[in-house]
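Engineer: First the structure, then my questions, so here it is.
The values are calculated or read from the model by the stated rules, or taken from the named source; none is laboratory data. Note that the coordinates shown come from a computational prediction; the quantities given were computed from them, not determined experimentally. Heads up, the Cβs are rebuilt from the backbone with ideal geometry, glycines too, and the neighbour counts pull from every protein chain shown.
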Amino acid sequence: MRHSTADPHFLLRRLHSLLGLLPVGAFLIFHLWENSQSRFGAAHYNGEVVAFLQGMNYLPILEIVIIALPLLFHAGYGLVITTQMRAELTRYRYVRNWLYWLQRASGIGILVFLLLHVGMTRIEGIWRVSVREDLFGHMQHLLSQPWMFGLYLTGLLLSVFHLANGLSTMGIVWGLTTSADAQRRFGFVCAGFGLLLAAIGLHGMIGFLP
Amino acid sequence: MPANRTSIRFKIRRQDAPGSPPYWQEFAIPYAPDHNVISALMVVQNNPVTTDGQRVAPVVWDRNCMEEVCGSCAMLINGVPRPSCSALIDSLTQPIVLEPLPKFPVVRDLLVDRSRIDEGLRKVRAWIEIDGAWDTHEGAPRISPSEWSANYLYSRCMSCGCCLSACPQFGPHSDFIGPAALAQVRLMNAHPTGRYDQADRLHAIMGDGGVSDCGNAQNCVRVCPKSIPLTTAIGELGRQTTVQAVKDLFGG
Amino acid sequence: MNTTPKAIVIGGGLGGLWATLRIADAGFPVQLFSLFEVKRSHSVCAQGGINAVLDTKGQRDSIHQHIVDTLKGGEYLANQPPVKSMCEAAPGLIHTFERMGVTFSRTPEGLLDQRLFGGVKNKRTCFAGASSGQQLLYGVDQQVRRLESLGQVVKFEWWEFLSLLKDADGVCRGILAMDLKSLEIRAFPADVVVIATGGFGQLYAPKTTTSSHCTGAAASRCYQQGAWFANAEFFQFHPTAMIGRDKNRLMSEAARGEGGRIWAPRDPSDARAPNAIPEAERFYFLEEFFPAYGNTVSRDEASRAIWHVTRQMGLGIQGTDRVYLDLTHLDRAFVSGRLGAILDIYRKFAGTDPLAAPMEIFPAAHYPMGGLWVDFERDDSGGMRPDSPRNQATNLPGLYACGECDYGYHGANRLGANSLLSASFAGRIAGESVVSYLKGLDHHRAPLDPTGVASEIARQQRINHALMRSDGPENPHQLHQELGALMTAKVGVVRANPELATALDELRELERRAASVTLGDSSAWANQTLIFTRQLQDMIQLAMVVAKSALERDECRGAHHKPAFKIPLPEGKFPGDPEFEDYRTRWRANNDQWLKTTIAEFNAEGPRIHYGEIDLSFYPPTEPRDYR
């Protein structure tokens, strides 16, 4: 008999699951809400929202500990999990089987998107003062290019799907939902939650447009 | 079902031995409305001549009860894992494509080695610890009818392996124990004396290849010929392992 | 010998696994052999339940009544001490199964539920949904897996028993078995062997409800090495099995019990759909033959009537072996509620709805009461002496038999729901008996002669090689069909001596033909045709035992029905009437002559039959059965 604390497998899997929601998922919700402020214009966005965040003490530490490390673990371990997948989408055309595949595919997609997104905003902002000082303008410039808008939209939808579907399977993994009915009901709740988040995110993206 | 059928056609994936290359052969037998895949394979076995007129070795496959309780005869029929005894010819599109149950090593033709199912049951300790198979002169604990009817669903698992074949996480590439053994943990943990060893069984499925390797694709529950609520069992084990982990971490 | 003596159990059904548990419980290592994963054994097919007097239904049921029902059901042909012990042990067995976690159906209070089953007056049958046999087998399978994890049991699945290894004194000292994948033949020395390989319904294929591995080949191999085979002529046919090309599937008697009617078109060439045939043109033969009971006559009577109508009157549907079992006149909701499980089976395997059109059925070979002869030791109470090494012992020292492959518990016919009980009980007793045998062994016995073992391996290998090279005209699967048709036609539901004599001749012809086959498969890997052909040859030997035993027994008793020797109960006459007294005298004389165990011994020219006394010490037959 192996004690679950002696064998890290279970705790790592659960940690991966938990980090996906807290703090990574929670940060996504916050991030989408924060950027939905774009509709109030550059002055409000740059002056109130971004400045408030940039003015926080220990910001880099918070960013690293609350966002970057959990995200990196979630992504890295997620890739490890994904190697176990042998999905046969045409043989088993069930919704959950597609969601199972999409969860993993979206994870990889999000990883690519985030490298670009973080590179073009947070990292670029480190040495380009203009990005730091007028993030609104920077985003407006980016999103005005249709292909870039498409990239961001894809990244947004993948992220929102990944969070909503992840939440629904978390219900099973952690034992919140057991019966097929409960799992279906919670699935709809998560789908609604995902749609709401997508709407907030899209609203924020449109808010940047001139 | 088309009325003008005159023959039953099969396309069968064959393999002479483990490791030897698979190949396809086609067979046709005279049509009859009351055939299932096994009875039709028996006709092929009597006279194993391919549609090209070539006499070949009889097709090797596994069967026993032919009533869908022994679990022997599962194979991939038109791409879906299912018992062949209950696969009625009239409900299948032709040519009927037969392949060995995937994810398990092929022994020969449609016969596969499913010993991994047994290993899984051993690993999760899917039994009730009893002192011995003798009389104890005492009645066993009571079980309410509603609890019974939930348990009974799981006790009908016949280790056919269909759920494992359909599971995208299970296979030679992974340690995942699969839904069949997990459902037995759910069953044993629900028994009044089986509960005594719940922690042992949970620890057995909290390691590598355990319940957390499930990816929730839920194909298992869709292909199970006995409609066993495998995903409910996995959800319930999620709950039990959550509690167990809290006990392990903070319980002393 | 200074190592712990070890046991071999062949067969992983209820009997074999129970024996395994009791031997391993006592600390002796067990090697368990099976043709496939043990949990796929035929025990899983039993649907109905397992009898045990728990008297929880307010009916004042008693163990005595269970014993009497079993003995009378078997028309007194069973030895009574084993039956008595079995019925007494039943409640304890049930509770042990319950402790193993078997999912028995429950009452609202959470206790074991019991239901009524054929042939008895009281609710005495424990059940687990509609899959009792499966649940019981899984209970012991799980326990064997537990012992396996402790190293006390080693399973050899996908191995086939070929022959017994006997020492110079004729004592059984192990087996020779073949790996069904590599075809390797290997000797497994042991100190005792238990054979628990089930019945032999495949002799009647495809008109049998049994699984495809129920060939009786293993028991036949023991018989051919000197083990006695008893009461082989008693084979229970189930009247209402749905017809299939691979096998016939049992439709429970409940279908008749709930109002199902059996009929055939009066004109056998009538090609109309059954629902289009008007009432007047339907032959409700059970209702005509048995006005008092109608469709609810006993299993045997129903089987014989269907046989008579199809085979003798030629009135089967379209002239074939089929009649209708009709539920379409009944209320759909009522039938669905009462017969849900069997309706599902019919829908699943026939693809049609039995509530829309009648089911097509025919009698099928279901359960052999006969099997390997086994001994018992009677104790002062009139039951079996616990732990006696004689219990379940065959006539070959060191060989024990239990389960459907022994002859011990059912006499001339088997009570419904007694088969799971006898398999479990006999397995447990065999295990305990083996433990006594092992404890009593001389620890300084000479080891097996290795040259003898080597020559037996070589002999078995030669059989394989000869079969693989054989290029005779016969096809083994074709021969199996011929065997099934022959046994069904001439050694089946109704028997007559001229036919039985012909059957024996034809079996000898089949034996000859089975020696000149072409396998069509020369592979030395997982060659199923080779494996089956070897089984087929042994099935033919066993079929001869059945036919010969049936030929020799000139009477009607239980499942063995020979109309030429029937002693009819005079109609309307009761005790005191000279006609009835004459009947009683003839009945007693018949018992004096035939109330004996048929014992077949192997002989190269054909089975040799002798008769053994029956222990009637508990409830001797004094009066003929009279159900009026």
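Engineer: Looking at C:A227, C:A232, which is the one that is at pLDDT 95 or above, farther than 30 Å from C:V120 by Cβ and among the small types (G, A, S)? Step through it out loud before you land on a result.
Structural biologist: On the way: C:A232 fails: farther than 30 Å from C:V120 by Cβ.
Exactly one of C:A227, C:A232 is at pLDDT 95 or above, farther than 30 Å from C:V120 by Cβ and among the small types (G, A, S), namely C:A227.
Engineer: All but one of (1) more than 7 Å from chain A (Cβ to nearest Cβ); (2) modelled with pLDDT under 95 hold for B:C220; which doesn't?
Structural biologist: (2)
Each row is one residue, and each column tells you yes or no for (1) touching a residue at least 12 places away in the same chain (Cβ under 8 Å); (2) more than 15 Å from C:A430 (Cα to Cα); (3) out of contact with any strand residue (DSSP E or B) (no Cβ under 8 Å at 6 or more places or on another chain).
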position: C:L355; (1), (2), (3): yes, yes, yes
position: C:M359; (1), (2), (3): yes, yes, no
position: C:Y367; (1), (2), (3): yes, yes, no
position: C:V374; (1), (2), (3): yes, no, no
position: C:S388; (1), (2), (3): yes, no, yes
position: C:Q392; (1), (2), (3): yes, no, no
position: C:L399; (1), (2), (3): yes, no, no
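Engineer: A follow-up question, please. Please specify each residue of segment B:82-101 satisfying the condition of being surrounded by fewer than 20 Cβ atoms within 10 Å (Cβ to Cβ), more than 9 Å from chain C (Cβ to nearest Cβ) and over 17 Å from B:A28 (Cα atoms).
Structural biologist: none
Engineer: Right, another one. Report, ordered by the first and then the second residue, all pairs with beta carbons closer than 6 Å, sequence separation of six or more or different chains, a first member in segment C:514-527 that is more than 10 Å from every other protein chain (Cβ to nearest Cβ) and more than 19 Å from C:L35 (Cβ to Cβ), and a second member that is crowded, with 17+ Cβ neighbours inside 10 Å and at pLDDT 95 or above.
Structural biologist: Short answer, once both residue conditions are applied: C:A514/C:L479; C:A514/C:L536; C:A514/C:Q537; C:A514/C:I540; C:S516/C:E474; C:V517/C:E474; C:V517/C:P476; C:V517/C:T533.
Engineer: Give segment C:10-43 a look and list any residue that's among the hydrophobic types (A, V, I, L, M, F, W, C) and farther than 17 Å from C:G139 by Cβ, or say none. Can you show your working first?
Structural biologist: Applying the first criterion (among the hydrophobic types (A, V, I, L, M, F, W, C)) to segment C:10-43 yields C:10, C:14, C:17-19, C:21, C:23-24, C:26, C:28, C:30, C:32-33, C:35-36, C:38.
The answer is C:I10, C:I23, C:A26, C:F28, C:V30, C:F33, C:L35, C:F36.
Engineer: Considering only segment C:568-608, how many residues are within 20 Å of C:A230 (Cβ to Cβ), aliphatic (A, V, I, L, M) and assigned to a helix (DSSP H, G or I)?
Structural biologist: The qualifying residues number 0.
Engineer: Now for a different question. Can you find, within segment B:191-208, the residue that is surrounded by the most Cβ atoms within 10 Å (Cβ to Cβ) among those that are more than 7 Å from every other protein chain (Cβ to nearest Cβ) and without any contact (Cβ under 8 Å) to a residue 60 or more places away in the chain?
Structural biologist: Once the filter is applied, the top-ranked residue is B:L202.
Engineer: When you scan segment B:171-187, do you find a residue that is more than 7 Å from chain C (Cβ to nearest Cβ), surrounded by 24 or more Cβ atoms within 10 Å (Cβ to Cβ), of a type in the set (G, A, S) and assigned to a loop (DSSP other than H, G, I, E, B), even just one?
Structural biologist: Checking segment B:171-187: at least one residue is more than 7 Å from chain C (Cβ to nearest Cβ), surrounded by 24 or more Cβ atoms within 10 Å (Cβ to Cβ), of a type in the set (G, A, S) and assigned to a loop (DSSP other than H, G, I, E, B).
Engineer: Condition check: at the interface with chain C (Cβ under 7 Å from one of its Cβ atoms), farther than 23 Å from A:Y92 by Cα and within 12 Å of the chain's Cα centre (by Cα). Does B:D118 satisfy that? Quick ask: steps written out before the conclusion?
Structural biologist: Working: at the interface with chain C (Cβ under 7 Å from one of its Cβ atoms): yes; farther than 23 Å from A:Y92 by Cα: yes; within 12 Å of the chain's Cα centre (by Cα): yes.
Yes.
Engineer: Return the residues of segment C:56-66 that are more than 13 Å from chain B (Cβ to nearest Cβ) and surrounded by fewer than 22 Cβ atoms within 10 Å (Cβ to Cβ); say none if nothing qualifies. Give the derivation first.
Structural biologist: First, pick out the residues of segment C:56-66 that are more than 13 Å from chain B (Cβ to nearest Cβ): C:57-66.
If the condition is that a residue be more than 13 Å from chain B (Cβ to nearest Cβ) and surrounded by fewer than 22 Cβ atoms within 10 Å (Cβ to Cβ), then C:K57, C:G58, C:Q59, C:R60, C:D61, C:S62, C:I63, C:H64, C:Q65 are the ones that fit.
Engineer: Keeping to segment C:279-304, report how many residues are part of a helix (DSSP H, G or I) and touching a residue at least 60 places away in the same chain (Cβ under 8 Å). It would help to see each step written out before you state the result.
Structural biologist: Pass one, segment C:279-304, residues part of a helix (DSSP H, G or I): C:279-281, C:285-289, C:294-296, C:299-304.
If we keep only those that are touching a residue at least 60 places away in the same chain (Cβ under 8 Å) as well, we get C:299-300, C:302-304.
Total meeting the criteria: 5.
Engineer: Look through segment B:223-243, keep the residues that are facing chain A (nearest Cβ under 7 Å) and charged (D, E, K, R), and return whichever of them is farthest from B:S165 (Cα to Cα).
Structural biologist: Filtering segment B:223-243 for residues that are facing chain A (nearest Cβ under 7 Å) and charged (D, E, K, R), the one farthest from B:S165 (Cα to Cα) comes out as B:R239.
Engineer: How many residues are within 21 Å of the chain's Cα centre (by Cα) and more than 14 Å from chain B (Cβ to nearest Cβ) when one looks only at segment A:80-128?
Structural biologist: Of the residues in that region, 18 qualify.
Engineer: Ok, one more. Which numbered condition trips up C:R124, out of (1) of a type in the set (K, R); (2) closer than 30 Å to C:S220 by Cβ; (3) buried (at least 24 other Cβ atoms within 10 Å of the Cβ)?
Structural biologist: Among (1) of a type in the set (K, R); (2) closer than 30 Å to C:S220 by Cβ; (3) buried (at least 24 other Cβ atoms within 10 Å of the Cβ), the lone unmet condition for C:R124 is (2).
Residue by residue, here is whether (1) among the aliphatic types (A, V, I, L, M); (2) within 30 Å of C:S549 (Cα to Cα); (3) surrounded by fewer than 13 Cβ atoms within 10 Å (Cβ to Cβ) holds:
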site	(1), (2), (3)
C:S269	no, no, yes
C:D300	no, yes, no
C:T320	no, yes, yes
C:L327	yes, no, no
C:L339	yes, no, no
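Engineer: Name the one entry in A:P60, A:P70 that is part of a helix (DSSP H, G or I) and either without any contact (Cβ under 8 Å) to a residue 12 or more places away in the chain or surrounded by fewer than 13 Cβ atoms within 10 Å (Cβ to Cβ) (or both). Quick ask: steps written out before the conclusion?
Structural biologist: On the way: A:P70 fails: either without any contact (Cβ under 8 Å) to a residue 12 or more places away in the chain or surrounded by fewer than 13 Cβ atoms within 10 Å (Cβ to Cβ) (or both).
Only one candidate qualifies: A:P60.
Engineer: A further question on this structure: Taking the condition of being under 23 Å from the mean Cα position of the chain (by Cα) and without any contact (Cβ under 8 Å) to a residue 24 or more places away in the chain, how many residues in segment B:20-55 meet it?
Structural biologist: Within segment B:20-55, residues that are under 23 Å from the mean Cα position of the chain (by Cα) and without any contact (Cβ under 8 Å) to a residue 24 or more places away in the chain number 2.
Engineer: Only residues in segment A:89-100 that are on the phi < 0 side of the Ramachandran plot count as the first member; pair them with residues that are surrounded by fewer than 16 Cβ atoms within 10 Å (Cβ to Cβ), Cβ under 6 angstrom, at least 6 apart or cross-chain, and list the lot.
Structural biologist: Taking only residues 6 or more apart or on different chains, the pairs are A:R91/B:G79.
Engineer: In the list C:L500, C:L486, which residue meets the criterion of being part of a helix (DSSP H, G or I), within 31 Å of the chain's Cα centre (by Cα) and more than 23 Å from B:N47 (Cβ to Cβ)? Working first, answer last.
Structural biologist: Details: C:L486 fails: more than 23 Å from B:N47 (Cβ to Cβ).
On inspection, the qualifying residue turns out to be C:L500.
Engineer: Filter segment A:143-184 down to the residues that are at the interface with chain B (Cβ under 8 Å from one of its Cβ atoms), in contact with a Leu (Cβ under 9 Å, 6 or more places away or on another chain) and crowded, with 22+ Cβ neighbours inside 10 Å and list them by number.
Structural biologist: Result: A:T169, single match.
Engineer: Could you check segment C:23-48 and list, in sequence order, the residues that are in a loop (DSSP other than H, G, I, E, B), more than 22 Å from C:S149 (Cβ to Cβ) and facing chain B (nearest Cβ under 10 Å)? First the steps, then the outcome.
Structural biologist: Just the residues of segment C:23-48 that are in a loop (DSSP other than H, G, I, E, B), to begin with: C:26-29, C:35-37, C:41, C:46-48.
Restricting the remaining residues to those that are more than 22 Å from C:S149 (Cβ to Cβ) gives C:35, C:46-48.
Correct list: C:L35, C:A46, C:Q47.
Engineer: Of the residues that sit in segment C:83-118 and are at the interface with another protein chain (Cβ under 9 Å from one of its Cβ atoms) and aromatic (F, W, Y), which one is nearest to B:S146 (Cα to Cα)?
Structural biologist: C:F104
Engineer: Is it true that C:A24 is over 23 Å from C:G216 (Cβ atoms), touching a residue at least 12 places away in the same chain (Cβ under 8 Å) and of a type outside the set (S, T, N, Q)?
Structural biologist: Values: over 23 Å from C:G216 (Cβ atoms): yes; touching a residue at least 12 places away in the same chain (Cβ under 8 Å): yes; of a type outside the set (S, T, N, Q): yes.
Yes: the conditions hold for C:A24.
Engineer: Follow-up question, since we're still on this one. Looking at (1) over 27 Å from B:A28 (Cα atoms); (2) within 11 Å of chain C (Cβ to nearest Cβ); (3) out of contact with any Pro (no Cβ under 8 Å at 6 or more places or on another chain), which one does B:P145 not meet, given that it meets all the others?
Structural biologist: Unmet for B:P145, out of (1) over 27 Å from B:A28 (Cα atoms); (2) within 11 Å of chain C (Cβ to nearest Cβ); (3) out of contact with any Pro (no Cβ under 8 Å at 6 or more places or on another chain): (3).
Engineer: Return the residues of segment A:1-20 that are assigned to a helix (DSSP H, G or I) and either surrounded by 17 or more Cβ atoms within 10 Å (Cβ to Cβ) or at the interface with another protein chain (Cβ under 9 Å from one of its Cβ atoms) (or both); say none if nothing qualifies. Break it down into steps so the answer makes sense when it comes.
Structural biologist: Pass one, segment A:1-20, residues assigned to a helix (DSSP H, G or I): A:8-20.
Hits for segment A:1-20 are A:H9, A:F10, A:L11, A:L12, A:R13, A:R14, A:H16, A:S17, A:L18, A:L19, A:G20.
Engineer: Next question, about the same structure. Restricting attention to segment B:156-170, and to residues there that are under 17 Å from B:S115 (Cα atoms) and of a type in the set (S, T, N, Q), which single residue is nearest to the other protein chains (Cβ to nearest Cβ)?
Structural biologist: Residue satisfying both the conditions and the ranking: B:S159.
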